1. Assign unit charges at the C-beta atoms only (+1 for Lys and Arg, -1 for Asp and Glu), then state the dipole size of chain A relative to its Cα centre in Debye, rounded to the nearest 20.
2. Assuming R0 = 25 Å, what is the FRET efficiency of A:Thr20 and A:Ser70, from their Cβ-Cβ distance, to the nearest 0.05?
3. Can you tell me how chain B classifies by the Cα gyration tensor, rounded, prolate or oblate, using a/c under 1.5 as the rounded cut?
4. What's the exposure ranking of B:His7, A:His29, going from fewest to most Cβ atoms within 10 Å?
5. Students often check this: by mean Cβ neighbours within 10 Å, which of A:75-83, B:87-95, B:64-72, A:105-113 ranks highest, and how do the rest follow?
6. For peptide B:91-103, how many partner chain Cβ atoms fall within 10 Å of a residue's Cβ, on average?
7. For the protein assembly as shown, what is the convex hull (Cα atoms) projected area averaged across all directions, in square nanometres?
8. Just counting partner chain Cβ atoms within 10 Å, what average do the residues of peptide B:40-47 show around their Cβ?
Amino acid sequence: KAGVTQTPRYLIKTRGQQVTLSCSPISGHRSVSWYQQTPGQGLQFLFEYFSETQRNKGNFPGRFSGRQFSNSRSEMNVSTLELGDSALYLCASSLGTGQAGGEQFFGPGTRLTVL
Amino acid sequence: AQSVSQHNHHVILSEAASLELGCNYSYGGTVNLFWYVQYPGQHLQLLLKYFSGDPLVKGIKGFEAEFIKSKFSFNLRKPSVQWSDTAEYFCAVYNTNAGKSTFGDGTTLTVKP
């Protein structure tokens, strides 16, 4: 079956702008998690959506927001971009429940560069 | 709050050396445990997983990990590494009650040919 897809793959923005990233999970997966990956900070958890509801949230400012649609596709929005937001943003999908709920399948990521 | 600690940030080995990467977590409840690997330029992918049963689990490419509940540890091992094992390795813990995953900071493994 098709894997996790993320669009766009690359994005260049300037400070102060906003950006929306999209993630399509594996068919049948109801959970979508978002992570920020940077060389110095590793994988930082942003938030997780399960059945259109935010179920868990990391320690990021309110400029970072997300949503999930009824077809489980998810979007992440970052407003008022800062230079420090430059990173690889990863989306991961999982069943979200049951014993196998924690097994995550990652997309290729969106490389965001803020100038 | 649950947390995951990976003991080594960067490990450098020669080919054929043995590997052990440490992972400890802090959560007393039921957990599922994972190791993920990210090869250069590739997606993060699952290396192996533990849900229940035999605490020694085997994954792809000759990797294995042992869950020691009393030590809250899930260390990754490989008896003989290859140059192609050069990658970043992440340990992750899934809290089955809260439905929450926590990742460690990752360990970069460099294998010299």
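1. Working: 11 positive and 6 negative charges, 33 e Å.
The calculated dipole for chain A is roughly 160 debye.
2. Values: r = 18 Å, r/R0 = 0.72.
E(calc), rounded to 0.05, equals 0.90.
3. Judged from the Cα gyration tensor, chain B comes out prolate (a/c at least 1.5, a/b above b/c).
4. Values: B:His7 15, A:His29 18.
Ranking B:His7, A:His29 by Cβ neighbours within 10 Å, fewest first, gives B:His7, A:His29.
5. Values: A:75-83: 16.0, B:87-95: 23.1, B:64-72: 14.4, A:105-113: 19.3.
In decreasing order of mean packing, A:75-83, B:87-95, B:64-72, A:105-113 become B:87-95, A:105-113, A:75-83, B:64-72.
6. On the way: counts 0, 4, 1, 7, 2, 5, 0, 2, 10, 7, 13, 5, 7.
Averaged over the peptide's residues, the number is 5.
7. Computed as one quarter of the Cα hull surface, the answer is 12.4 nm².
8. Working: counts 0, 1, 2, 10, 11, 4, 4, 0.
Counting other chains' Cβ atoms within 10 Å and averaging over B:40-47 gives 4.
Computed from the coordinates by the stated procedures, all read-outs in this text should not be read as laboratory data. On a predicted model such as this, the values are computed, not experimentally measured, just so you know. In this analysis, Cβ positions are derived from the backbone assuming ideal geometry, glycine residues included, and neighbour counts consider all displayed protein chains.
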